[in-house]
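Asker: Mind looking over this structure? Questions follow.
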Amino acid sequence: MSAETPAAPGQFDRRRLQFRSWRGTRPFWAGLYILIAGFPIMYFPYAHLQLGHLTIAMATTAGAGSLIIGVLLVVLGISVWFQKHIRTFAGVAAILLALVSLPVSNFGGFIVGFLFALIGGAMAVAWSPGAPPQPEAAWAPGTPQPEGDVPPTGDHTPGADTPGADTHPRDSDGMGKANDLSGTSPLDGANGRHSAG
């Protein structure tokens, strides 16, 4: 396959959807923020800034501590992606490392690394896996409906199979029973508990 050969049609979309589904099952953004936080914390204590012909060395005596904190944050960020069950531990550890990075590594990588680690750690602690959608049980017309459920709409009412049958008889005011919002109708199973809305 050469550089001029286009990718198979739909392959990019398929990969993008696979990545999206993978990303949706784990605290992806929390891991990314924690991972990003490690780089400025690691970099700035070893950086040399050039201002014209002037070289500013920002190396401190805590350069090794900054390197350790940065590497731990990168490892925690990757761990959150691939071991989502340790998200609480990784989030708390990222927050603690962010706090330690303030005095150790140039104010937490000039506040940039500190903020990324703090926000990513909080997101990792707060993340919880979503519940898979439950399939709806089919309701048969002759069976009693579970309490509190909304009755299904459609042709399940008695007499609905008769052509011309009025399934919702009109009251004297012209409003049908289906428009009754009092919540006390025994047909909807609410018995007054679910009267709002």
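The values are calculated or read from the model by the stated rules, or taken from the named source; none is laboratory data. These figures come from a predicted structure and were not determined experimentally. Counting neighbours? That spans all protein chains shown, and the Cβs are built from the backbone with ideal geometry, glycine included. For accessibility, only protein heavy atoms count, side chains too; no ligands or nucleic acids. Shrake-Rupley method; radii C 1.70, N 1.55, O 1.52, S 1.80 Å.
Asker: Does Ile41 meet the test of being in contact with a Leu (Cβ under 7 Å, 6 or more places away or on another chain), aliphatic (A, V, I, L, M) and either under 29 Å from Pro129 (Cβ atoms) or open to solvent by less than 70 Å² (accessible area, probe 1.4 Å) (or both)? Steps first, please.
Answerer: On the way: in contact with a Leu (Cβ under 7 Å, 6 or more places away or on another chain): yes; aliphatic (A, V, I, L, M): yes; either under 29 Å from Pro129 (Cβ atoms) or open to solvent by less than 70 Å² (accessible area, probe 1.4 Å) (or both): yes.
So Ile41 fits the description; yes.
Asker: Being open to solvent by less than 90 Å² (accessible area, probe 1.4 Å), within 30 Å of Phe107 (Cα to Cα), modelled with pLDDT under 90 and touching a Phe, Trp or Tyr at 6+ places or on another chain (Cβ under 8 Å): is that true of Phe28 here?
Answerer: no
Asker: Out of all the residues in segment 76-106, which are assigned to a helix (DSSP H, G or I) and touching a Ser or Thr at 6+ places or on another chain (Cβ under 8 Å)?
Answerer: Lys84, Ile86, Ala90, Ser101, Val104, Asn106
Asker: Now for a different question. Is it the case that some residue within segment 72-80 is open to solvent by less than 80 Å² (accessible area, probe 1.4 Å), of a type in the set (S, T, N, Q) and within 28 Å of Gly24 (Cα to Cα)?
Answerer: Yes, that holds for at least one residue.
Asker: Okay, next question. Of all residues in segment 85-130, how many are hydroxyl-bearing (Ser, Thr, Tyr) and without any contact (Cβ under 8 Å) to a residue 24 or more places away in the chain?
Answerer: Step one: of segment 85-130, the residues hydroxyl-bearing (Ser, Thr, Tyr) are 88, 101, 105, 128.
With the extra rule that they be without any contact (Cβ under 8 Å) to a residue 24 or more places away in the chain, the set shrinks to 128.
Counting residues in segment 85-130 that are hydroxyl-bearing (Ser, Thr, Tyr) and without any contact (Cβ under 8 Å) to a residue 24 or more places away in the chain gives 1.
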